[in-house]
Amino acid sequence: MSLTEEIKEFALDLGYSRVGITTAESFSRHIEEVKSRGVMYDFFVKNPGNPLNGSEVKQLRPSAKSIISMAWDYSQKSFPRSLIGKIGRIYQARCYNVPPDRINGMRYQLMVNFLKQRGCQIGHGIFIPERWAAARAGITTFGRNNFAYVEGIGSFIVLSSIVIDEELEYDEPTMEIGCPKGCTACMKACPTQAIYEPNKLNPRRCIAFNTLFAQDGNSEFITSHIPADIRDKMGTNVYGCDVCQEVCPRNQARLKAKLLEDEFLIKKSQDFSLAKMLNMTDEYMIKMRPLMYSYIKEKKYFQRNAAIAIGNLGNRDYLSDLEIAMNDPEALVREYAAWAIGKIGGRLAKQVLENKYAQETADSVKKEIKTALFEA
Ligand code: SF4
Ligand code: SF4
């Protein structure tokens, strides 16, 4: 058996659904695309960590020869109904950017260990554009919603790759768009029109991006502020958004399939509530952490997202929770709680806002309260 065959067999044995191999050549089209988007992607292009450098693998590691790309199917079990539309499936599945002491992190580590045992030199810490690598390695095609699709599975996959210095046998690229002719269902369904052309996304308008990345200190080009017109359209999404994948005909077989239940998720879903997230304690954050690895480190951002979700529900039963949140030590939480109270509206809401305005000291919160009073 050749080294290529051994690697592929081992990856499949670990449970990866597809594995393909491509060269370590530059992802020049990806670089051009990202650069052509101007201010929409300045947070990425001008990031001090230079993530775009990962698209020039050989510049970072001249000895690199091959990229092994693997797709993990994360929708093999079902997702609790109560978490759909709140937490993106990929985060519920605990398979994205996971630490190595968890099963999905360990799988990747086992792959690395295997390659080392076979004498391969590994290129660590290179930020590979995973969707481009997977298409070039022949395991996915693109969707017009920008996601990568594995034939027979759909887009509920997570991609990971490993750079090695050994030459292998390379797969035929599948760089094409695999969507049915004329389909634009994802573009029509996107609540914020973030997909402004096929395969072109404005991340600033994307709900997933706003829930995860709108944090102070992430980049000089990003703040914790979520524009009001986006907040209105976020629905109850507090971590990610799956709308453009849910409507996709390429995902319907999996979405309609009768899948086994995930006992862990069922248990977590019983603990989940927007009210608890709004007035989140440290213990609650630890409890829900496995569903929300990686992007949000400070609980105030979960609280902000919960306030927006509650505001969009428009349910007066949450007014007392929002009133408590108006006493939160973080001005950000008070701002978004005020916005949510204004969205719910009515006499009681106005009364709460007026009382809080009299006590409030932060200008940013006072400004939100004034706007909310106008809306209420
Ligand atoms: S993740 Fe949500 S907001 Fe972002 S493009 Fe898809 S549907 Fe639109
Ligand atoms: S909804 Fe249609 S256009 Fe969009 S990704 Fe799916 S198949 Fe492609």
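The values are calculated or read from the model by the stated rules, or taken from the named source; none is laboratory data. Model, not experiment: these values are computed from the prediction. With ideal geometry, Cβ positions are generated from the backbone for all residues, glycine too; neighbour counts draw on all protein chains shown. What goes into the accessible areas is simple: the full protein's heavy atoms, side chains included, and nothing from ligands, DNA or RNA. Shrake-Rupley method; radii C 1.70, N 1.55, O 1.52, S 1.80 Å.
Tell me yes or no: at least one residue of the range 169-190 is open to solvent by less than 20 Å² (accessible area, probe 1.4 Å), among the aliphatic types (A, V, I, L, M) and at negative phi. Checked against the condition, which is being open to solvent by less than 20 Å² (accessible area, probe 1.4 Å), among the aliphatic types (A, V, I, L, M) and at negative phi, the range 169-190 yields no hits at all. Tell me which residues, restricted to the range 91-110, are buried (at least 20 other Cβ atoms within 10 Å of the Cβ) and aliphatic (A, V, I, L, M). Residue satisfying the conditions is Ala93 alone.
Within the range 1-43, the residues that satisfy the criterion of being part of a loop (DSSP other than H, G, I, E, B), of a type in the set (A, V, I, L, M, F, W, C) and surrounded by 13 or more Cβ atoms within 10 Å (Cβ to Cβ) are Leu14, Ala24, Phe27. When Gly240 is tested against (1) closer than 20 Å to Leu278 by Cβ; (2) open to solvent by 10 Å² or more (accessible area, probe 1.4 Å), only condition (2) is not met. Residues in the range 146-164 that are open to solvent by less than 30 Å² (accessible area, probe 1.4 Å) and out of contact with any Phe, Trp or Tyr (no Cβ under 7 Å at 6 or more places or on another chain): 9 in all.
To keep it simple, each residue is scored yes or no on (1) surrounded by fewer than 13 Cβ atoms within 10 Å (Cβ to Cβ); (2) more than 23 Å from Asn47 (Cβ to Cβ); (3) not assigned by TED's automatic domain parsing to the domain that holds Val150.
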site: Ala208; (1), (2), (3): no, no, yes
site: Asp216; (1), (2), (3): no, no, yes
site: Gln245; (1), (2), (3): no, yes, yes
site: Cys248; (1), (2), (3): no, yes, yes
site: Asp262; (1), (2), (3): no, yes, yes
site: Glu283; (1), (2), (3): yes, yes, yes
site: Tyr295; (1), (2), (3): no, no, yes
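Among residues of the range 273-285 that are closer than 15 Å to Leu83 by Cβ, those with a Cβ under 9 angstrom from a residue that is hydroxyl-bearing (Ser, Thr, Tyr) and outside any helix (DSSP H, G or I), sequence gap 6+ or separate chain, pair up as Leu274/Thr236. Looking at the range 70-77, can you tell me whether even one residue there is closer than 24 Å to Ile153 by Cβ and without any contact (Cβ under 8 Å) to a residue 40 or more places away in the chain? No, that holds for no residue.
Taken over the range 222-237, the criterion of being open to solvent by 10 Å² or more (accessible area, probe 1.4 Å) and either in the same structural domain as Val45 (by TED's automatic domain parsing) or hydrophobic (A, V, I, L, M, F, W, C) (or both) is satisfied by Ile222, Ala228.
For the condition away from ligand 1 (no atom under 16 Å from the Cβ) and either among the charged types (D, E, K, R) or touching a Cys at 6+ places or on another chain (Cβ under 7 Å) (or both), what is the one hit in Arg144, Arg131, Arg118? Just a single option satisfies the conditions, and that option is Arg118. The single condition among (1) open to solvent by 30 Å² or more (accessible area, probe 1.4 Å); (2) out of contact with any helix residue (DSSP H, G or I) (no Cβ under 7 Å at 6 or more places or on another chain); (3) touching a residue at least 12 places away in the same chain (Cβ under 8 Å) that Lys299 does not satisfy is (2). Flag not set for Glu167, criterion: in contact with a Lys or Arg (Cβ under 9 Å, 6 or more places away or on another chain), away from ligand 1 (no atom under 16 Å from the Cβ) and without any contact (Cβ under 8 Å) to a residue 40 or more places away in the chain.
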